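The values are calculated or read from the model by the stated rules, or taken from the named source; none is laboratory data. All of these numbers come straight from a predicted model, not from anything done at the bench. Cβ sites come from the backbone with ideal geometry, for glycine too, and all protein chains shown count toward neighbours.
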């Protein structure tokens, strides 16, 4: 799967998470995923909660619009972001300096 793909109800993104970083950061990664650094530790869902908040902020949507769909206990995760698929894909592409 590429780092993001459009869906009927928004987009789906793949991320590789590094917990316990000095600060939270959302950036381009490889063709397969975004690179995300989180200050939160991977304990009792803290990193997943921080990930959802960071993704919501980066894509300018509410936290309820972001859903973890795979990789709950893994560094590699997939998230669904509900909203205007075209606008969300443009925002995802902007992290890579591309257009969808």
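Regarding segment 40-50, can at least one residue be identified that is touching a strand residue (DSSP E or B) at 6+ places or on another chain (Cβ under 9 Å), touching a residue at least 24 places away in the same chain (Cβ under 8 Å), surrounded by 13 or more Cβ atoms within 10 Å (Cβ to Cβ) and under 16 Å from residue 11 (Cα atoms)?
Checking segment 40-50: not a single residue is touching a strand residue (DSSP E or B) at 6+ places or on another chain (Cβ under 9 Å), touching a residue at least 24 places away in the same chain (Cβ under 8 Å), surrounded by 13 or more Cβ atoms within 10 Å (Cβ to Cβ) and under 16 Å from residue 11 (Cα atoms).
In segment 63-90, what residues are out of contact with any strand residue (DSSP E or B) (no Cβ under 9 Å at 6 or more places or on another chain) and in a loop (DSSP other than H, G, I, E, B)?
Hits for segment 63-90 are 72, 73.
Check residue 93 against each of (1) within 18 Å of residue 5 (Cβ to Cβ); (2) modelled with pLDDT under 95; (3) part of a loop (DSSP other than H, G, I, E, B) and name the one condition it does not meet.
Result: residue 93 passes all but (3).
Look through segment 74-83, keep the residues that are touching a helix residue (DSSP H, G or I) at 6+ places or on another chain (Cβ under 9 Å) and surrounded by fewer than 18 Cβ atoms within 10 Å (Cβ to Cβ), and return whichever of them is farthest from residue 9 (Cα to Cα).
The residue in question is 80.
What do you reckon, is residue 43 within 14 Å of the chain's Cα centre (by Cα) and at negative phi?
For residue 43, the condition - within 14 Å of the chain's Cα centre (by Cα) and at negative phi - is not met.
Could you count how many residues in segment 54-73 are surrounded by 15 or more Cβ atoms within 10 Å (Cβ to Cβ) and closer than 20 Å to residue 25 by Cβ?
9
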